[in-house]
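The values are calculated or read from the model by the stated rules, or taken from the named source; none is laboratory data. Note that the structure is a prediction, hence the values are computed from the model and not measured. Cβ coordinates were reconstructed from backbone atoms using ideal geometry, including for glycine residues, and neighbour counts include every protein chain displayed. For the accessible areas, the whole protein counts, side chains as well, though only heavy atoms, and no ligand, DNA or RNA atoms are used. Shrake-Rupley method; radii C 1.70, N 1.55, O 1.52, S 1.80 Å.
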Amino acid sequence: MHSKALAPEYQGALTKMSVNASLTDVLAEGESHLRAAQLAGSQQEVARAGLAVAEAHRRLGHVQDADRAWKASYRAARSAEDTGAMAWALWSGGTLARQRGALRLAFRLLGLAADLGKKGGDVVARGYSLAGLAETGRIQGDYRTVAALHEQLLAEARARGEARHTVWALEGIAQIHRNTGSFDTALEMFEEAAQLAGNADDRRGRAWALRGMADIISVRDNDPERALALLAEAELTCREMNLSSALAYNHKMRANVLYRAGRYEEAREVYEEALGEFRAMTEPRGEALARLGLVKSLARLGRDRTQTAAELDGLRVTLDRIGLLNARDMVDKAYAELGVSPAGDAVAGEAGRR
């Protein structure tokens with residue numbers, strides 16, 4: 001039996017805030033309580049309120065503000081000798097690092113957070129940090145390493161009845177199945193996640209699950225209208241809760257669905273919209289994926305093959321730098337799909353003929 005979804009990152013005076021609260025409301029409440037804690041001289045409360053401020057900024061795409069906030073939260077927690085609060089601050093910093101494409105830093109911070117969560121006896125902080133490590137590995141494309149950790153975290157979340165964490169784990173495992181071609185299993189898990197999130201009133205989790213369902217339905221069933229309807233439902237939640245990152249990924253998936261349906265001009269427009277959103281929040285992974293979709297759409301609309309190859313070459317470099325193995329494979333497949341060769345190959349061929 002699962003409980004209603006909770007937001008353990010909203011702590012101290014913000015404990016009663018709903019997981020579905022608008023991020024602008026969370027930010028306003030967090031900053032208000034942060035000022036009060038600073039005036040009262042309570043470093044522990046400064047750390048707890050600062051965590052909510054950091055998370056609100058991160059999810060709104062305010063990268064620099066989020067970076068300052070999690071570091072200030074960590075300093076306050078260390079001053080108060082609150083090991084659990086230190087773990088939560090490092091978790092926030094590690095999650096931000098992943099969002100910014102700094103995967104090595106994300107692994108380091110999340111590993112430290114997991115260690116401190118264990119040391120401080122904060123089971124939830126440790127679980128969230130391990131989940132962060134698993135998600136970072138999954139996003140990187142290292143499925144073999146992190147699949148077992150995902151399954152372990154799913155079992156632990158089910159045993160504790162933590163709906164939100166169960167939904168996260170289901171979606172992560174579903175994404176691994178989707179990326180390795182097990183579409184039926186992936187869809188079943190996304191559907192379970194969507195139902196569980198709905199029952200637990202976890203609107204954010206449900207929005208991500210609907211996005212996953214739309215992806216599978218588009219790829220496996222070739223049913224763009226149903227996929228677009230699911231994305232439209234998810235978009236309402238993203239807008240109502242001001243989920244900037246989730247909205248950008250929703251738009252990127254909408255463009256994917258349109259592209260697969262051969263609606264290339266519509267896809268181009270939506271990829272451009274998503275690209276602007278990712279750039280505004282400094283999210284390089286999303287930016288690279290939107291760029292890839294845009295390059296493919298423009299190629300289908302008649303763009304010069306040399307320009308297409310040059311864009312794909314640039315994306316390969318970017319994705320190698322970030323360390324996104326799965327996305328790099330997607331670029332390699334795009335060369336074949338679009339009938340172009342890497343510009344480096346063409347240069348090497350020309351040199352050989354000389």
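A few notes on this one:
- From the options Gly111, Gly127, Gly161, residue that is of a type outside the set (Lys, Arg), farther than 20 Å from Ala52 by Cα, open to solvent by less than 40 Å² (accessible area, probe 1.4 Å) and modelled with pLDDT under 95: Gly161
- Filtered residues of the range 176-188 (kept if modelled with pLDDT under 95 and either open to solvent by less than 40 Å² (accessible area, probe 1.4 Å) or in contact with a Pro (Cβ under 6 Å, 6 or more places away or on another chain) (or both)): Ile176
- Odd one out for Ala197 among (1) touching a residue at least 12 places away in the same chain (Cβ under 8 Å); (2) out of contact with any Gly (no Cβ under 6 Å at 6 or more places or on another chain): (2)
- Residues in the range 145-171 that are of a type outside the set (Val, Ile, Thr), under 13 Å from Trp208 (Cβ atoms) and in contact (Cβ under 8 Å) with a residue 40 or more places away in the chain: 2 in all.
- Residue pairs meeting the criteria (Cβ under 8 Å; at least 6 apart or on separate chains; first touching a residue at least 12 places away in the same chain (Cβ under 8 Å) and open to solvent by 80 Å² or more (accessible area, probe 1.4 Å), in the range 68-80; second assigned to a helix (DSSP H, G or I) and of a type outside the set (Ser, Thr, Tyr)): Lys71/Ala89; Lys71/Gly93
- Looking across the range 4-40, the residues that are of a type in the set (Gly, Ala, Ser) and either at pLDDT below 95 or open to solvent by 70 Å² or more (accessible area, probe 1.4 Å) (or both) come down to Ala5, Ala7, Gly12, Ala13, Ser18, Ala21, Ser22, Ala40.
- Taking (1) surrounded by fewer than 19 Cβ atoms within 10 Å (Cβ to Cβ); (2) within 30 Å of Leu298 (Cα to Cα); (3) without any contact (Cβ under 8 Å) to a residue 40 or more places away in the chain; (4) within 20 Å of the chain's Cα centre (by Cα) in turn, Glu191 satisfies each apart from (2).
- Test: residue in the range 147-156 that is in contact with a Gly (Cβ under 7 Å, 6 or more places away or on another chain), in a helix (DSSP H, G or I) and crowded, with 21+ Cβ neighbours inside 10 Å: yes
- When we screen Tyr264, Tyr271, Tyr249 for residues that are open to solvent by 20 Å² or more (accessible area, probe 1.4 Å), without any contact (Cβ under 8 Å) to a residue 60 or more places away in the chain and of a type in the set (Phe, Trp, Tyr), the only hit is Tyr264.
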